1. Can you give me the number of residues within the range 15-58 that are in contact (Cβ under 8 Å) with a residue 40 or more places away in the chain, hydrophobic (A, V, I, L, M, F, W, C) and in a strand (DSSP E or B)?
2. Restricting to the range 10-26, give me the number of residues that are at pLDDT below 80 and over 23 Å from the mean Cα position of the chain (by Cα).
3. Would you be able to say whether some residue in the range 40-62 is modelled with pLDDT under 95, surrounded by 12 or more Cβ atoms within 10 Å (Cβ to Cβ) and more than 30 Å from residue 136 (Cα to Cα)?
4. Among the residues in the range 139-150, are any closer than 26 Å to residue 13 by Cβ, over 16 Å from the mean Cα position of the chain (by Cα) and hydroxyl-bearing (Ser, Thr, Tyr)?
5. Can you pull out the residues in the range 198-211 that are modelled with pLDDT under 75 and not aromatic (Phe, Trp, Tyr)?
Amino acid sequence: MAFCTKSMGDNTIAITLRVKTQQSVLLDQQLEEGELPLRQWRVEVSMLDRNKDEVKADILSSVTYHLHPTFVKPRRKMKTPPFSLEEIGWGEFSMTLMCKFRHNGGVVKIQHELEFSEDAYIIDYSVNVPYLSEGPFYSLLARHFNVIPQNSVPVDNNIKQLPKWVKTLQLQDEDTINELLQRILSNAAVKNFVNKIPRHEEVVFCLGELPDELMNSLTEYMESTGDIK
C-alpha cells in the first residue's frame, strides 16, 4: 500500500520492486517425529528499470522488515542495497516491507509471503510513486525511468487542496503511517475499493480523492499527535 499526496503539478510513476527469496534446509539436524526442520532464508529487494532490466534499487534509502513477532527483534531496518535480510526459522509467514525512497520521496508498504515450497522465487510488486517534476528525487528517478519532463504537466485548478499535514507525511515515522493506513482501511468506501484490487497489485490511496469526512478524521488524528500545528 502507498499514499499518494497528489496535488497540482504532481505526477505518478509505476515502479516495479522485485523481492527475491531463497531458502534451504539446514544440514545435520536431529529431528523428533513430526518436528519441522530449521531453514535458512534470505530476502532482498531490487527493481526493474525502464528497459525491464533488474538493477540495484538505489532510489530507496532503506527497507524495514516486519517479521513474525516470535523473532528476536522482529523489526529489522536495512540501509544498503540490495537490503538483504538473512534469518533462520522453521515456519512460513507473511512479512511487511516498508520501502522508503530517498530525498523524502515517500514510503510504500509491501506484503510479502515467505514460503518454503520452492528453493528460490521472485515476486514483482508494482508500486505507484508520486513525484514532482523537479528536485533531487526527480533527477534520481530520471536515471532509471521515463519520467515527465519539467513544466510539461498542465495545471488543474479543480484539484482539491490538501491539509498542511500532508506536506509532512513523508517525514512521519512508520508507526504514524501504519495508524493512518488502519484508519483509512476502516472506512467502508475504502474497503469496497480495496476488495476489488488483485492480491499482488499495489494499493495506492490518493489522499485528495478520499471522502471529506475521512480526511477530517485523519486531520484530527494528526493534530492530536502534537507534531502538526
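1. Going through the range 15-58 one residue at a time, the tally reaches 9.
2. 0
3. yes
4. yes
5. Passing the criteria: 198, 199, 200, 201, 202, 203, 204, 206, 207, 208, 209.
The values are calculated or read from the model by the stated rules, or taken from the named source; none is laboratory data. These numbers come from a predicted model, not from an experiment. Glycine also receives a Cβ, built like all others from the backbone with ideal geometry; neighbour counts cover every protein chain displayed.
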